[in-house]
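To keep things clear, I will list the structure first and then write my remarks on it.
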Amino acid sequence: MKKFIIERELPGAGKLTPSELKSIATKSCEVVDNLEAQYHWIQTFVTDNKLYCVHIAPDRETVLEHARQGGFPADKVSEVRSIMDPTTSA
Amino acid sequence: MELVERDAYLSMLAEQYQHLVNGVGHTVFLGGEAGVGKTSLVNRFLEGIAGKAKIYTGACDSLFTPRPLGPLYDIAGQLDRSLLELLRNEKDRALIFTSFLQALSTPGAPVVLVFEDIHWADEATIDFIKFLARRIARIPCLFLLTFRDEEANFYIPLKALFGELPAGLFTKRIVQRLSREAVDRMALEKGYASGKEVYALTSGNPFYVTEILASYSPGIPEKVKDAILTVFHGRDETTQALWEFLSILPSGIDYKKAEQIDPHFPKGLEHCMRSGIIVSKNDFLYFKHELYRIAIEESMTPYRRKSLHHRILQIMLDCPVEFNNLSEVVHHARLADDRATVARLAPQAAKEAAALGAHLQASKLYLTAIEYTDPTDPMLVELYERHAYECYLTNQIAPAIASQQIVLAMWRERKVKLREGDTLRFLSRLWWFSGHREQSIALAREAIEVLENGFPTRERALAYSNLAQLSMLADDPANTLLWGNKAIDLAQRMDDQEILSHALNNVGAVQIKFSNDATEGAAKLQESLAIALKNGLHEHAARAYTNLSYSYVLIRQYKKATTFFDEGLKYCEERDLKSWSYYMESERVKILLDTGAWPEAEALALSLLSNALQPITTKIGAIVTLARLKTRRGEFEEARQLIEEGKRIAPQTSEAQRIVPVLTAAMEFSWITGEPLPLEELKGVEESLFFQKDTSWHYTALAYWMHKCRLPLTSNIDFVGPFRLEMEGHWKAAAEQWEEAGCRYEHALALLGGDEKHQKLGILLLDEMGATATSEMLKLKLKGLGMRNIPRGPRESTRNNPAQLTGRQIEILNLLQGGAPNKEIADKLFISPKTVDHHISAILSKLEVTSRAKAVLEAQKLGILK
């Protein structure tokens, strides 16, 4: 399995209402459940005009398949090569 | 060679040429069956003016799909070679068209432009013909076109062309076959005893007559084709091979390529050209006649034909320049059954055709591409999508639906949600076009369900606005507002101007349809229009103009409606948005009727109906108006037939806006004639057509006529407008509102509900409008009620007066003669000062003067005033 950052362009994303966020999340989970491959949606950061999602999937193609089945854009899909935080400096 | 029985056509052409020399251009269409001698006629005319005029010729070819703008390529080579570059690289049609117009307008010798065989023209060429023919009077050009009339009848764009050109700018002649006498004469000259047999075999078709009389074989052959084949079989092998090759090339072949096929060909040519069987035009070789080509082509075995197509295809594929003419390459690849080449090139050819506006040809090419593409190819879905779209643009709704269904299945299988939802939305639109409202709404709802994932997408906004539009058309205000406002909200958040314009239009239109106050709805429609104009969204602007003017007609605000008709028709005319302007005209005609401009109303309605390709939506407006006009005038038989036709076609739409006008016209007919009312139809409509009857203008209009016909009304319905006032007995207030809005007929009818003085006035107004049947019926009624001294109809003397002034206008003139101001005239005649104004401007224009004083003088001079 690999980890991916998916960027989804969405003008006005920061103004999504809680009920809209709920339906996006519901749809995303529904698609994950229906995918044949193993798939994990970790977290999504909502900014003013873009969503940044962290997913764990076997490959890039599966990430795109999740987007297609959910009807979400996936403008940029980048594989995470390594992770660091302050403890990395130690 | 002498041309037989062609003098009348030649002198018509000579006459037009003379006009051209005097600086006035014109378009001439010469029709006739294959072989009737159109080309010979054109050639004879051109011989006569050779050296005096600049002559350019282009032709349309009978390829599987013709090359988009094919004739323009031909004339570009003769006119200005830089135009060839333009054609190859430019996809902006407007630029191409104006560049050719400019090149043709350069000062110097007069120009004769010939397009042959336009029954094979692609749609883009037809558009060019329309473009040039409309401007022909302004340029020094005689535009001469030939076509086969029997084929033109089946080619919709060409048929439509004749209906769309202004009369007076073109002449259309059908070239006739030879008479029995002419054939006799020709046979005698050739030494036959009589022309009887030849005439029986050919029916006087000049090409066949000439071929048979050429006496290639002794006696008269059994079939005309035999005459041609006898010549063919008499030739040596090389010549036969050359002819066979030439016969599979409807666009002809240039010398260089002929040599590539067989180095011996050019040698054999010499002889063929001397005998006139093969002719050369602009470096291309052709048979002397298309019928000759087909006779040879059909004599070959299918295998032989296929191998020749294969051979020519290889030569074309080896030569990259040929890709400039994709239509020709696809034509041969298809007939050579080279599947891979068709699959590769047909989509390119289709794309090119579509870009230039040849949508009919594009749809055909996409279908071919689909047929020849491997079923597992992932690109197939795109071909189906494009095919559906091109079919939609060319009004081939059934094949569009078929392709779009396949697209839907494909996206579903691939689980691509956005595409699946968008496909459902487009499919819903297609079903609406085919007249299936319920199916259409079900699909629109399904599209929304599929796209409902919380994520604001363009697809979802489009799906909302689509359902809003369908609900608006179905007169369902609740759903229009629900989905339309969702669409507006989403479009605003995404800053999508196109969807915003569309959604505002739907919401605004429904608000006007269901309200006593048009302010809010009109503001939304105006906003929709402003957005469309600002962003250059032509179709949306046309739709906004249409719905604004339509709505004002519906709520009987004729003055406001007229403003938007004027602006909207001008806008659509300038941009060739024909179907929108026709539709607007079909609404405008109602105003002409109700305000008494009957000759104009009748002429416009008839001209709309003369175009057989008019959609039902446009037809109904014209039919209903004409039916009403005939009813009011007392031409009941014609009125009855029109109403029957309306009743037959309106229910197909399942829309109140089409059905109600037909039924109200039917009720008015019964009201005036006393014939039975359309009770059965009314019952059905009452029960199932309306989602909401309260504050509905359509329902109110229906109820108004039911009320006049003394049918029981459903209680507690909230009616709107002056209709309501009248139904509630407030005749005076209603009459004032009708007059204020410019509805003269309704104004008169409302007055009939008043006291005796006003009833008489109403009768006078009806007479003045020419609504004699309405007024006669009402007079009888009033007489029955004991009224005396009812005004008579318009006196013959006033009808025949030289300036066609009405009785009322003469009355006003009389008062003007005495120096009365408007207010005084108004009081004397029981009409408003505004109506007086209206009459006075009519008087000024009828008498062609500019002031009241001059009007009085002129009327005295004409003997109208004493």
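The values are calculated or read from the model by the stated rules, or taken from the named source; none is laboratory data. Remember, predicted model here, so these are calculated numbers, not experimental data. Reconstructed Cβ throughout: ideal geometry from the backbone, glycine too, with neighbour counts over all protein chains shown. Surface accessibility is based on the protein's heavy atoms, side chains included, excluding ligands, DNA and RNA. Shrake-Rupley method; radii C 1.70, N 1.55, O 1.52, S 1.80 Å.
Key figures
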item	result
Residues of segment A:34-49 classified as within 13 Å of chain B (Cβ to nearest Cβ) and either within 16 Å of A:E9 (Cα to Cα) or in a strand (DSSP E or B) (or both), total	4
Unmet criterion (only one of (1) at pLDDT below 95; (2) within 14 Å of another protein chain (Cβ to nearest Cβ)) for B:P399	(2)
Filter result (touching a helix residue (DSSP H, G or I) at 6+ places or on another chain (Cβ under 6 Å), more than 22 Å from B:S670 (Cβ to Cβ) and either of a type in the set (G, A, S) or assigned to a helix (DSSP H, G or I) (or both)) within segment B:716-730	B:P722, B:L725
Looking only at segment B:619-634, and only at residues there that are open to solvent by 10 Å² or more (accessible area, probe 1.4 Å), more than 23 Å from the chain's Cα centre (by Cα) and free of Cβ contacts under 8 Å to residues at least 60 places away in the same chain, the one that is farthest from B:D475 (Cα to Cα)	B:K630
Count - residues of segment B:424-445 that are within 14 Å of chain A (Cβ to nearest Cβ) and more than 16 Å from B:S403 (Cα to Cα)	0
Members of segment B:393-433 found to be among the β-branched types (V, I, T) and over 26 Å from the mean Cα position of the chain (by Cα), listed by number	B:I406, B:V407, B:V416, B:T423
Residue in segment B:95-104 that is crowded, with 18+ Cβ neighbours inside 10 Å, touching a Leu at 6+ places or on another chain (Cβ under 9 Å), closer than 18 Å to B:A354 by Cα and of a type outside the set (V, I, T) present	yes
Criterion (over 17 Å from B:I623 (Cβ atoms), in contact with a helix residue (DSSP H, G or I) (Cβ under 6 Å, 6 or more places away or on another chain), open to solvent by 50 Å² or more (accessible area, probe 1.4 Å) and without any contact (Cβ under 8 Å) to a residue 60 or more places away in the chain) met by exactly one of B:L751, B:L679, B:L713	B:L713
Wholly enclosed helices (runs of 4 or more DSSP H) of segment B:766-866 bearing at least 1 residues closer than 27 Å to B:F636 by Cα, open to solvent by less than 80 Å² (accessible area, probe 1.4 Å) and at pLDDT below 80	B:796-799, B:807-817
Qualifying residue in segment B:504-521 (condition: assigned to a helix (DSSP H, G or I), of a type in the set (A, V, I, L, M) and without any contact (Cβ under 8 Å) to a residue 12 or more places away in the chain)	no
Tally, over segment B:343-401, of residues that are under 26 Å from B:A94 (Cβ atoms) and of a type in the set (S, T, Y)	5
All positions within segment B:440-467 that are assigned to a loop (DSSP other than H, G, I, E, B) and aromatic (F, W, Y)	B:F455
Helices (runs of 4 or more DSSP H) (entirely within segment B:81-137) containing at least 3 residues that are under 28 Å from B:S363 (Cβ atoms) and at pLDDT below 90	B:81-89, B:93-105
Options B:S327, B:S299; residue that is open to solvent by 20 Å² or more (accessible area, probe 1.4 Å), at pLDDT 85 or above and among the polar types (S, T, N, Q)	B:S299
Count of segment A:51-90 residues which are assigned to a strand (DSSP E or B) and more than 13 Å from every other protein chain (Cβ to nearest Cβ)	9
Of all residues in segment B:725-748 being open to solvent by 60 Å² or more (accessible area, probe 1.4 Å) and under 24 Å from B:R588 (Cα atoms), the one that is farthest from the chain's Cα centre (by Cα)	B:E736
Lone qualifier among B:S99, B:S105 - being among the hydroxyl-bearing types (S, T, Y), touching a Pro at 6+ places or on another chain (Cβ under 8 Å) and free of Cβ contacts under 8 Å to residues at least 60 places away in the same chain	B:S105
Contacts under 7 angstrom Cβ, first residue in segment B:847-862 being among the hydroxyl-bearing types (S, T, Y), partner part of a helix (DSSP H, G or I), 6 or more apart	B:T850/B:L844
Residues (surrounded by fewer than 17 Cβ atoms within 10 Å (Cβ to Cβ) and in a helix (DSSP H, G or I)) located in segment B:227-254	B:T230, B:H233, B:E237, B:T238, B:Q240
Subset tally (residues that are assigned to a loop (DSSP other than H, G, I, E, B), open to solvent by less than 30 Å² (accessible area, probe 1.4 Å) and of a type outside the set (V, I, T)) for segment B:9-59	5
B:A478 vs. criteria closer than 20 Å to B:L504 by Cβ and away from chain A (no Cβ under 14 Å)	yes
Flag for A:V31 being more than 21 Å from B:D489 (Cα to Cα), surrounded by 14 or more Cβ atoms within 10 Å (Cβ to Cβ) and more than 9 Å from chain B (Cβ to nearest Cβ)	no
Qualifying residue in segment A:7-23 (condition: acidic (D, E), within 28 Å of B:A491 (Cα to Cα), away from every other protein chain (no Cβ under 13 Å) and within 15 Å of the chain's Cα centre (by Cα))	yes
Residue that is assigned to a helix (DSSP H, G or I), of a type in the set (G, A, S) and open to solvent by less than 70 Å² (accessible area, probe 1.4 Å), where the choices are B:S307, B:S280	B:S307
Any hit, segment B:575-586, residues being modelled with pLDDT of 90 or more, over 26 Å from B:G536 (Cβ atoms), assigned to a helix (DSSP H, G or I) and under 14 Å from the mean Cα position of the chain (by Cα)	yes
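Residue-wise test of (1) outside any helix (DSSP H, G or I); (2) open to solvent by less than 20 Å² (accessible area, probe 1.4 Å); (3) at pLDDT below 95; (4) over 24 Å from A:G71 (Cα atoms).
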{"position": "B:Y366", "(1), (2), (3), (4)": "no, yes, no, yes"}
{"position": "B:Y389", "(1), (2), (3), (4)": "no, no, yes, no"}
{"position": "B:Q405", "(1), (2), (3), (4)": "no, no, no, no"}
{"position": "B:M410", "(1), (2), (3), (4)": "no, no, no, no"}
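So that you can scan it fast, the table gives a plain yes or no per residue for (1) in contact (Cβ under 8 Å) with a residue 24 or more places away in the chain; (2) surrounded by fewer than 20 Cβ atoms within 10 Å (Cβ to Cβ); (3) away from chain A (no Cβ under 14 Å):
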| site | (1), (2), (3) |
| --- | --- |
| B:E382 | no, yes, yes |
| B:E413 | no, yes, no |
| B:L418 | yes, no, no |
| B:D422 | yes, no, no |
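The rows are residues; the columns are (1) open to solvent by less than 10 Å² (accessible area, probe 1.4 Å); (2) more than 14 Å from chain A (Cβ to nearest Cβ); (3) not charged (D, E, K, R).
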site: B:G484; (1), (2), (3): yes, yes, yes
site: B:Q492; (1), (2), (3): no, no, yes
site: B:E498; (1), (2), (3): no, yes, no
site: B:G508; (1), (2), (3): yes, yes, yes
site: B:E520; (1), (2), (3): no, yes, no
